[in-house]
1. Check whether at least one residue in segment 541-555 is within 16 Å of ligand 2 (Cβ to nearest atom) and at pLDDT 85 or above, and report yes or no.
2. Quick one: in segment 610-635, of everything that is more than 11 Å from ligand 2 (Cβ to nearest atom) and open to solvent by 10 Å² or more (accessible area, probe 1.4 Å), which residue is farthest from G549 (Cα to Cα)?
3. Which one of L282, L262, L288, L212 is touching a residue at least 60 places away in the same chain (Cβ under 8 Å), of a type outside the set (D, E), crowded, with 17+ Cβ neighbours inside 10 Å and in contact with a helix residue (DSSP H, G or I) (Cβ under 8 Å, 6 or more places away or on another chain)?
4. Does L316 meet the test of being more than 22 Å from D393 (Cα to Cα) and buried (at least 22 other Cβ atoms within 10 Å of the Cβ)?
5. Restricting to segment 636-647, name every residue that is more than 10 Å from ligand 2 (Cβ to nearest atom) and either in a loop (DSSP other than H, G, I, E, B) or open to solvent by less than 60 Å² (accessible area, probe 1.4 Å) (or both).
6. Cβ-Cβ under 6 Å, sequence separation 6+ or interchain: first residue in segment 297-314 and of a type in the set (A, V, I, L, M, F, W, C) and part of a helix (DSSP H, G or I), partner open to solvent by 30 Å² or more (accessible area, probe 1.4 Å) and modelled with pLDDT under 95. Which pairs?
7. Taking the condition more than 19 Å from I9 (Cα to Cα), open to solvent by 80 Å² or more (accessible area, probe 1.4 Å) and part of a helix (DSSP H, G or I), does Q59 pass?
8. Taking into account only those residues within segment 270-279 that are surrounded by fewer than 24 Cβ atoms within 10 Å (Cβ to Cβ) and not aliphatic (A, V, I, L, M), which is nearest to the chain's Cα centre (by Cα)?
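The values are calculated or read from the model by the stated rules, or taken from the named source; none is laboratory data. Just so it is clear, the model here is predicted, and its values are computed rather than measured. Backbone-built Cβ (ideal geometry, glycine too); neighbour counts: all protein chains shown. What goes into the accessible areas is simple: the full protein's heavy atoms, side chains included, and nothing from ligands, DNA or RNA. Shrake-Rupley method; radii C 1.70, N 1.55, O 1.52, S 1.80 Å.
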Amino acid sequence: MSIIEEFCIKILDKCPDIKQLKKIHCRLIINGNIISASHIVLKLMKCYSECRQITVTRQLFDEMPQKDVVFFNVMIRSYLNNHFYSKALHMYRNMFKFNINPDHFTVPQVLKACSASANLWVGLQTHVAVFKKGLLSNLYVGNGLITMYGKCNRLVDAHKVFDEMPNRDVVSWNSLVAVYAQNGMFDAALEVCRAMIRSSNLRPNAGMMASLSPAVTSSTSLDNVMFMKEMFMSYARGSLVSWNVMIAVYVNNSMPTDAVNLYLQMDIFGIDPDSITVASVLPAIGDLSALILGKKIHEYAQRNKLLPNLTVENALIDMYAKCGSLSDARNVFDAMKTRDVVSWTSMVSAYGMTGDGQNAITVFTNMLDKGLTPDSISFVPVLSACSHAGLLDQGKRFFKLMTDEYKIVPRLEHLACMVDLLGRSGRINEAYNFIQKMKLKPNDRIWGVLLSACKVHSNMDIGLVAADHLFQLVPEQAGYYVLLSNIYAKAGRWKDVTNIRSIMKVKGVKKEPGVSNVELNSQVHSFLAGDQSHPQSKEIYEKLDVLVGKMREMGYVPETDSALHDIEDEDKGYHLAVHSEKLAIVFVILNTEPFTPIRITKNLRVCEDCHIAAKMISKIVEREIVLRDTNRFHHFKNGVCSCGDYW
Ligand code: ZN
Ligand code: ZN
């Protein structure tokens, strides 16, 4: 080997940039080394492919008079790495014309090209060839087949290949996990992870967490979440992907506190969140209304140049809206360079939640003016904004626009908005007719909305019809329990009242426990109903007693006295009956300066008693109280609520 040749090869091995590569190429031609030495040509091909110069790569390949299997392999890989999948497969077919036999390096490349282009036909042919050559014992080949079948939606075949492999490595298991995960079968994917731990001495790794990531958007059992946590803690904490996956799992399984805590731990482990982490954790921040923490994450994103990024910005709007900070949401929205339908929809929903129907409509109309096409999802917040703000005509207009102009078939969410809209405006009969004409079978939400409207507008006849439907659909659901027993009591149907009460007692109440969250000094404090676990518990109850005393002077009668109060609280002592939002409110009063606004989120709909209490407390302590329940924001100020007592 000449000195020049040796020198050139050294540089080629380091993958030079295109300028240097061309220089080396010229020198090799001048020296005359190139034609004779196939190992140099192969190196050149690889380098040109790295530099995305696929045409030159192909030229070098074509100019080579004698080509063996290695040349074909390099050419196929070059096409593959540059995303020319059909060309890669074409090259594979050419091999046979040249009478060259594919080897165990060729097959995995071809399978990759089949996977990437979902080419089942060539994939099947390759499988046959693999079978004939007895290549299945090669791990790369077997793993490639699993992935190929998975990408072509042949789950059973993928699993069959896996079963037939004589030996498997972690990648084989990961490939099978990915097959299920990509098809949204989270539970099945996790079962594969469990099987691996059970039946081999292999252990999960960060790659397995990554394989699971496409499925984490679906929710799963608590058991599975705990299993994921164990995998994460034991084997996969070293890689950012694993953290992102674990945060997403918590968020999608309604465990926002765990998601946020995990995010806060990243710093300790020296892992820097990326835009995916930020976009994943922001919904949890919103769920907890942890505004200050949300702002910190926003700053982090700015400082680390994660913005502009559409997904992150949309998540920021949503987070600020849920934290009740409309101006911050609007600032993010206004600063965006590009906006998609999600951005606009989030902004509409931000205004809608605070009861600002007029601005919600303006934003929605602006979106239409910009020429964006609203989808089924984007009509929900504008309709709901109209109903929360009592804008009957506009609401009807948007519903017509959706069905007639955009030809969107209304779903139950849209229909519930319309029933709500009509009901709130006192058009109970019209709302009832609307339900009867619906093409979809009304669900409990729709009857519930109608029942609430009947209660407010004292329409006994239709109210009872709604109640009866509701009773049949979801007799065991605690959300409607008070509503139902109230209306039956009003109608004097005591037998039904007793019925409901005994159902509740016998079946037990299917109810998630009420949790209220407040943020104090960048920490989220959670309270359960009757919670006595908080270190400041004693103080909180003492202060609450003082407040209740003042409220009684103002004419407050605690609903716990009433026979119709939530069954969950019955048969328990007075303190146990205290709902979580009251505890959270008092906790903030105790720990902040006078006049500091109080922000609270609750995972259930706020009850009438707490609503009255919050109104009175806002007057007594002269503080604004912002309470977000599952439906909307309640903004209590000086004894009144922004919802107008209708929620
Ligand atoms: Zn309550
Ligand atoms: Zn309210």
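1. Scanning segment 541-555, I find no residue that is within 16 Å of ligand 2 (Cβ to nearest atom) and at pLDDT 85 or above, so the answer is no.
2. Per the stated criteria, the residue is T630.
3. L288
4. yes
5. N638, G639, listed by residue number.
6. A301/L307
7. Spelling it out, Q59 is indeed more than 19 Å from I9 (Cα to Cα), open to solvent by 80 Å² or more (accessible area, probe 1.4 Å) and part of a helix (DSSP H, G or I).
8. Selected residue: S275.
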